[in-house]
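To start, the structure itself, in structure tokens.
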Amino acid sequence: MFNDIGPLELLTIIVLAVLVFGPDKLPKVIQDVTRTIRKIREFSEGAKQDIRNELGPEFKDFEFEDLNPKTFIRKQLDNDELGLKEIRNGFDLKKEMVEVTDAVHSRESEASSSSSSAGGRIDMTKKPEDTGKDDRPPFDADAT
């Protein structure tokens, strides 16, 4: 519950609690807080047990943590029935990247050999398009 609180933060909370409640009332406040947390946990566990009993025996393996989307997806992906481990193990990323790179380079070389005569180099300079006699852009009455 308090896994992300460091020692300096914990010391700050203790000092603030002593300043706010005073050294006389602090033990009583701590007891009240722990009692309240315990009651909330008991109520939560009782509610979970009631829901499990109402769902019936076909949901005996139901866990409320599975309602979290990340947990649900992780549990489904780790399921051996789908065969996803074989697919994941059979996928070779380096091989796929080499194939994609080769496909892109062969497509570029075909396009450059047909459109450019610069010895296999692509002409990256911007050339003005031939728009005819009039260099003005077309008039748009809705834009003005």
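The numbers here are math on the coordinates, done by the rules we state, and not lab data. Bear in mind the structure is a predicted one, so any value in this text is a computation, not a measurement. Glycine also receives a Cβ, built like all others from the backbone with ideal geometry; neighbour counts cover every protein chain displayed.
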Using +1 at the C-beta of Lys and Arg and -1 at the C-beta of Asp and Glu, which of G56, F43, V33 has the Cα lying farthest in the positive direction of the dipole of the stretch 21-75? V33
Integer Hz, Karplus 6.51/-1.76/1.60 couplings in order for the stretch 10-26, x for Gly and Pro: 4, 5, 4, 5, 5, 4, 5, 5, 5, 5, 6, 8, x, x, 6, 8, 4
